[in-house]
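Trainee: Pasting in a structure now, in structure tokens, and then I'll have a few things to ask.
The values are calculated or read from the model by the stated rules, or taken from the named source; none is laboratory data. All of these numbers come straight from a predicted model, not from anything done at the bench. Here Cβ is always computed from backbone atoms with ideal geometry, including for glycine, and neighbour counts include all displayed protein chains. Heads up: the accessible areas ignore ligands, DNA and RNA and are worked out on the full protein's heavy atoms, side chains in. Shrake-Rupley method; radii C 1.70, N 1.55, O 1.52, S 1.80 Å.
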Amino acid sequence: MGFVHSSATASSAASVAAAVPDVWRANQLASYRTSTVATGHVQLDRELPDGGWPSRTLIELLIQQPGIGEMRMLLPALRRLAHRRIALVQPPHLPQAAAWACDDFPIGNLLWVKTQRSADALWAAEQILRNGTCGALVFWQTHVRHESLRRLHLAAQGSDMVLWMIRPIAAMEDASPAPLRLALRPAAGGIRVDIVKRRGPRRDNPLTLPLDDMPAVHPSFTESDHALVDQHASAAVAARVVPSALV
Amino acid sequence: MHLPLLPLESYRPRWSEPGPTVVLDGDRVLVASQQAVDAGVRLGMKRGGVLTLCPQAGVHERDHKREETALQSVALCLLQYTPEVAFAARHSLLMDVTASLRAFGGMRNLFRLAKSAVLDLGFTVQLSMAPTAQGAWLLAQAGSFSGKRRRLVRMESLIRVLNPLPCHLLPTLYPHQEWLAGIGCRTLGDLRRLPRAGLKRRCGEDVLEELDRAYGQAPELFHWVETPEVFAAKLELPDRIDHAEGVLFGAQRLILQMIGWLTVRHRAIEQFVLVMEHERGRQAVPPTLLEVRLAEAAWQEMHLMRLLKERLGRLVLTAPVIALRLEATQTVPMAPPTTSLFPEPGGTPADFQRLIELLAARLGDDCVLVPALVADHRPEVCNRWLPAPTAKRIALPELPSNERPFWMLESPIALIMRDERPFYGSSLRLIGPAERIECGWWDGKLVVRDYFVAQGTEPAWYWVYRERLGDDIRWYLHGLFA
């Protein structure tokens, strides 16, 4: 009986949560009950249940267009998982492995699977999940049926991999079985993350993650600098001479 | 293990389409399929009667050679459970599983495995297990007589079950059936109560010997099946098959045999060929060959079947298939299982190789790629990806230290110019210094480019270059920073 009393008082809510892990309060983040991989972005970790990307779960990333910093955002987590293989299935463009080689990323562990039809891509993703030798799977797909998503989520639950599925942002309106969905939009010096769905309270205002290693993001960079650079470049074109230091 | 319908099922395996089929032995019906029995065909009927009752029935003459081949294929398949398999009278096989019980998870499990393997091959089977081979053989023959007790471990219970069995089950007593019935001796128990000397004089020595072997009173000797040096199995299909996926059922039967052979020889398969034979004779079509190469030798049925399924899915048959042949062309000694106490979390390298093979089997080698970078300044040359099944791991070469975008476009997009600036969705601002790449004059793919990082009004980053070949200057988009 005393137990019920203590739960009524707000001050001891935390102790209740600790004592009864099955009780979830609507204002708390829930748990995915799987291992997680830290995202490498403190702000994002704070907003995700269990503080990171959950494994054995279908994670949907809805992006406005490829090339807005989505891979930079995943890079810290991928690096943690790169002791095992990392599969890229049906990426939108050619992945340039040299881009990550400079960051001491073990690029030998990347595996690129190209497919012609989306049925093949789904099959390949499912086989990779079922095989379980890869540490992570990043899967690009534009049109995907609800049943296929459910099937992927089920396959992911049977593996111990982290599965990111990257879809266009237009899919945000559609229902999805994925327990974690993030919408990504470009932002100055980083990436804007809207948490569309998570196990936890709704968050309306987007998060802006700074991606320091996006090219040429410099606090000292101003509009006048750009103008100068532009001028300089066009002058060089006119003269067809580029300073030899650049060669 | 007794195969009661072997003469029939050597023509029409269980997995083939059901239909009335009759097998004749010297112009008398020996076996008939369920559909034929429904149509009124009875055992012992003559050919004429069968054709009157059921004109559409497929009538075959009994073929001893065919039955023998079928029995051999079952034996080969069963070798995966024990190396000691012997042929016995009346379409039966004997297996000594004493040493295999623990390896396959106990008696019940092994029973189930062996049964499902033979059913997969397409044969109806009656299985039984007993402390003596002759006893087990009798139980399997008895079929319905022994009721549900098919697995016996203790000698006493075997004797209890054997005693009420009809004595004509013993093959040597078959000619003396009438005499035995005349003296009121119907069961094996009755037979054992007869004076041994008299029985020996009247029916011959073999009867007593068989009886003693069944009751564990005489030693048993067997000629174990010996496996051939090379594996090549053939299967005549009951029907013509027009589509490649239909071949799979027949192929599974051959794969099962190959696995038995591999297990008993302690070998793993590296390469095998499935030959699909087409029409012979006048309109002969050369057979279709399907060669399957494995990067890592394997002996698991599931893996081989999945590979074959994907390969067959891509194959288009030119003519109907009438027979299948499977040959193991390259084998290596089987690798011992890993000795590490804890399994690695990411599976073994062999598991990964299996994944690569599976993906490549369906998608093609060119679609499963691993990076193999080349030390070159031209990004399209540097960013080399090789097919994973054949690629060897290479050391990372020395790479240009400049920043590279993660996405590279397959072919650069030419950009239009607006207000003296390249335009892609919006006017692009160039940021930072240029990276000049001038190389490739030695292999005819000369590039003379200045690369820039550019940004549009949307905060996305592009990798653009200015080509300086010839007089006019063109701008191209080559990559996206992701």
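Trainee: When N is the residue count of segment B:41-124, what does its C-alpha Rg come to as a fraction of 2.2 N^0.38 Å? Before the final figure, lay out each step's value.
Mentor: Values: Rg = 17.6 Å, N = 84, 2.2 N^0.38 = 11.8 Å.
Here the Cα radius of gyration is 1.49 times the empirical estimate.
Trainee: Now for a separate question. Can you give the alpha-carbon Rg of segment B:82-130 over 2.2 N^0.38 Å, where N counts its residues? Working shown, then result.
Mentor: On the way: Rg = 10.9 Å, N = 49, 2.2 N^0.38 = 9.7 Å.
That works out to 1.13 for segment B:82-130.
Trainee: Then there is this: In sequence order, what are the phi-derived ³J(HN,Hα) couplings for segment A:97-111 according to the Karplus relation 6.51 cos²θ - 1.76 cosθ + 1.60 with θ = phi - 60°, rounded to whole Hz, with x for glycine and proline?
Mentor: Coupling constants for segment A:97-111: 5, 4, 4, 9, 4, 5, 8, 6, 7, x, 5, x, 8, 7, 9 Hz.
Trainee: Once you put a point 7 Å from the Cα of residue B:196 and another 7 Å from the Cα of residue B:37, both along the Cβ direction, what distance in nm separates them?
Mentor: Inter-label distance under the simple model: 4.1 nm.
Trainee: Binning at 5 Å from 0, report for segment B:349-482 what percent of all alpha-carbon pair distances ends up in each bin.
Mentor: Histogramming segment B:349-482 at 5 Å steps yields 2, 9, 15, 19, 15, 13, 10, 8, 6, 2, 1, 0 percent.
Trainee: Next question, about the same structure. For A:109-116, what's the mean count of beta carbons from other chains sitting within 10 Å of each residue's beta carbon?
Mentor: Values: counts 3, 4, 10, 7, 8, 7, 6, 3.
That average works out to 6.
Trainee: Before anything else, pin down the relative contact order of chain B: Cα pairs under 8 Å, at least 6 apart, normalised by residue count, whole percent.
Mentor: Values: 804 pairs, mean separation 46.7, N = 482.
Here the relative contact order equals 10 percent.
Trainee: Calculate the tail of P(r) for segment B:153-200: the fraction of all Cα-Cα distances greater than 18 Å, expressed in %. Intermediate values should be presented prior to the final figure.
Mentor: Working: 320 of 1128 pairs.
Of all Cα-Cα pairs in segment B:153-200, 28 percent lie more than 18 Å apart.
Trainee: OK, next. Seen from all sides and averaged, what is the projected area of the convex hull of the Cα atoms in segment A:57-123, in nm²? Walk me through the numbers on the way to the answer.
Mentor: Values: hull surface 21.0 nm².
It is 5.3 nm².
Trainee: Take the alpha carbon atoms of segment A:39-115, find their center, do the same for segment B:187-250, and report the distance between the two centers in whole angstrom.
Mentor: 61
Trainee: Next up: Which residues does a label at residue B:25 reach in segment B:175-203, if reach means a backbone N under 18 Å from a point 7 Å past the Cα toward the Cβ?
Mentor: Flagged as within label range: B:175-178.
Trainee: For segment B:235-382, what percent of Cα pairs sit more than 25 Å apart?
Mentor: Working: 4454 of 10878 pairs.
For segment B:235-382, the share of Cα pairs beyond 25 Å comes to 41 percent.
Trainee: Roughly how many Å is it from the Cα centre of segment B:22-63 to that of segment A:116-195, as a whole number?
Mentor: About 59 Å separates the Cα centre of segment B:22-63 from the one of segment A:116-195.
Trainee: Go through segment B:143-227 and name the trypsin sites (Lys or Arg not before Pro) that are in a DSSP coil and have 13 or fewer other Cβ atoms within 10 Å of their Cβ.
Mentor: Listed in order of number, the matching sites are B:148, B:149, B:154.
Trainee: How high is the relative contact order of segment B:252-403, given as a whole-number percent (alpha carbon pairs under 8 Å, six or more residues apart)?
Mentor: Details: 210 pairs, mean separation 34.4, N = 152.
Relative contact order for segment B:252-403 comes out at 23 percent.
Trainee: Would you mind estimating how fast segment B:1-143 diffuses translationally, via Stokes-Einstein at 37 °C and 0.692 mPa s with the Kirkwood radius over Cα pairs, in µm²/s?
Mentor: Working: Rh = 16.1 Å.
Using the Kirkwood radius from Cα pairs, D works out to 204 µm²/s.
Trainee: Follow-up. Can you give me the pair-distance distribution of segment B:230-274, C-alpha pairs, 5 Å bins, whole percents?
Mentor: Calculated P(r), rounded to whole percents: 5, 18, 30, 21, 13, 8, 4, 0.
Trainee: What Kirkwood Rh does segment B:20-90 have if only Cα atoms enter the pairwise 1/r average? Answer in Å.
Mentor: Working: mean 1/r = 0.0733 Å⁻¹.
Answer for segment B:20-90: a Kirkwood hydrodynamic radius of 13.7 Å.
Trainee: Another question, if that's okay. Find the sum over both chains of the accessible area lost when B and A are paired, probe 1.4 Å, and report it in Å² to the nearest 100.
Mentor: Numbers: alone 27080 and 14050 Å², together 35560 Å².
Summing both sides, the interface buries roughly 5600 Å².
Trainee: Checking a compactness column here: for segment B:411-477, what do you get for Rg(Cα) / (2.2 N^0.38 Å), N being the number of residues? Can you show the working numbers first?
Mentor: Working: Rg = 12.5 Å, N = 67, 2.2 N^0.38 = 10.9 Å.
This ratio for segment B:411-477 stands at 1.15.
Trainee: Now for a separate question. Mind pulling the per residue volume of the convex hull built on the Cα atoms of chain B? Å³ is fine. Walk me through the intermediate numbers first.
Mentor: Working: hull volume 124.1 nm³, N = 482.
Hull volume over Cα atoms, normalised by residue count, gives 257 Å³.
Trainee: Whole-Hz ³J(HN,Hα) for each residue in segment A:68-82, computed from phi via Karplus 6.51 cos²θ - 1.76 cosθ + 1.60 with θ = phi - 60°, x for glycine and proline: what do you get?
Mentor: So the J values, rounded to whole Hz, are 10, x, 5, 6, 4, 5, 7, 3, x, 5, 4, 5, 5, 8, 6.
Trainee: Which whole-number percent of Cα pairs in the protein assembly as shown have a distance greater than 34 Å? All intermediate terms of the calculation are to be shown ahead of the outcome.
Mentor: Details: 169068 of 265356 pairs.
Counting every Cα pair in the protein assembly as shown, those more than 34 Å apart make up 64 percent.
Trainee: Apply the a/c threshold of 1.5 to the C-alpha gyration tensor of segment B:113-185 and tell me whether it is rounded, prolate or oblate.
Mentor: On the way: a/c = 2.76, a/b = 1.60, b/c = 1.73.
The shape class here is oblate.
Trainee: Further question on the same structure: Using only the Cα atoms, what convex hull volume per residue in Å³ does segment A:42-157 have? Let's see the in-between values first.
Mentor: On the way: hull volume 14.0 nm³, N = 116.
For segment A:42-157, the hull spanned by Cα atoms encloses 121 Å³ per residue.
Trainee: Can I ask one more? Per residue, how much accessible area does segment B:317-469 have with a 1.4 Å probe, in Å²?
Mentor: On the way: 7610 Å² over 153 residues.
That works out to 50 Å² for each residue.
Trainee: So, in Å, what gap is there between the alpha-carbon centers of segment B:456-475 and segment B:389-425?
Mentor: So the two Cα centres are separated by 12 Å.
Trainee: Here's something else I'd like to know. Working out 0.36 nm times the residue gap between residue B:209 and residue B:374, then minus their Cα-Cα distance, what length gain in nm do you get to one decimal?
Mentor: On the way: separation 165, 0.36 × 165 = 59.40 nm, distance 7.73 nm.
Computed gain between residue B:209 and residue B:374 is 51.7 nm.
Trainee: Picking from B:322, B:348, B:271, whose Cα lies most toward the positive end of the charge dipole for chain B (charges on Cβ: Lys, Arg +1; Asp, Glu -1)?
Mentor: So the residue we want is B:322.
Trainee: Just read off the accessible area of residue A:130 with the full protein assembly in place, 1.4 Å probe, to the nearest 10 Å².
Mentor: Using a 1.4 Å probe on the heavy atoms, I get roughly 150 Å².
Trainee: Translational diffusion coefficient of segment B:148-247 at 10 °C, 1.306 mPa s, Stokes-Einstein with Kirkwood Rh over Cα pairs, in µm²/s as a whole number.
Mentor: 92
Trainee: Please state the relative contact order of segment B:398-475 as a whole percent: Cα pairs under 8 Å, 6+ residues apart?
Mentor: Values: 109 pairs, mean separation 17.8, N = 78.
Averaging sequence separation for qualifying contacts and normalising by length gives 23 percent for segment B:398-475.
Trainee: What pairs in B:115/B:309; B:115/B:200; A:114/B:445; A:114/A:197 have C-alpha atoms more than 31 Å from each other? Please report the intermediate quantities before stating the final value.
Mentor: On the way: B:115/B:309 24 Å; B:115/B:200 37 Å; A:114/B:445 26 Å; A:114/A:197 29 Å.
Over 31 Å Cα-Cα: B:115/B:200.
Trainee: Taking 7 Å along the Cα-to-C-beta vector as the label spot, tell me the residue A:154-residue A:205 distance in nanometres, rounded to one decimal.
Mentor: Taking the two extended label points, one gets 4.2 nm.
Trainee: I would also like to ask the following. Just to be sure I understand the curve: with the Debye formula and one point per C-alpha of segment B:224-299, what is log10 I(q)/I(0) at q = 0.21, 0.23 Å⁻¹?
Mentor: -1.06, -1.18
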